[in-house]
Amino acid sequence: MKTKSKLRKWGNSQGIILSAEMIKNAGLSVGEEVSLDVKNGEITIAPIKKKSRLAYLLDNYDPSQPYPFERVELSPTDNEII
């Protein structure tokens, strides 16, 4: 989808208004973080893909390393149900 827009003054910055249709076609939503990139005089706006919590937790996982916690065997001490 190609369209035209004008740079507009927005406080001490400038901004571009994007239509709801363009936002929807890009798979974006209001308030979502995006990355901006400038190359060869062109600006690219792209969604920031957020990692799932599991992916975040596994980022530094090294199966050759021991567990980051100690395994402790416990035995009943009083009236616990086994």
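What the table shows:
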quantity: Residue check, Gly15 at pLDDT 80 or above, over 17 Å from the mean Cα position of the chain (by Cα) and at positive phi; calculated: no
quantity: Any hit, region 49-59, residues being surrounded by 10 or more Cβ atoms within 10 Å (Cβ to Cβ) and modelled with pLDDT of 85 or more; calculated: no
quantity: Condition met for Ser29 (surrounded by 10 or more Cβ atoms within 10 Å (Cβ to Cβ) and either part of a loop (DSSP other than H, G, I, E, B) or modelled with pLDDT under 90 (or both)); calculated: no
quantity: Tabulated pairs, region 32-53, first in contact (Cβ under 8 Å) with a residue 12 or more places away in the chain, second part of a strand (DSSP E or B) and exposed (fewer than 10 other Cβ atoms within 10 Å of the Cβ), C-beta under 7 angstrom, 6+ apart or interchain; calculated: Ile45/Leu36
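The values are calculated or read from the model by the stated rules, or taken from the named source; none is laboratory data. Bear in mind the structure is a predicted one, so any value in this text is a computation, not a measurement. All Cβ positions, even for glycine, are placed from backbone atoms using ideal geometry, and neighbour counts span all protein chains on display.
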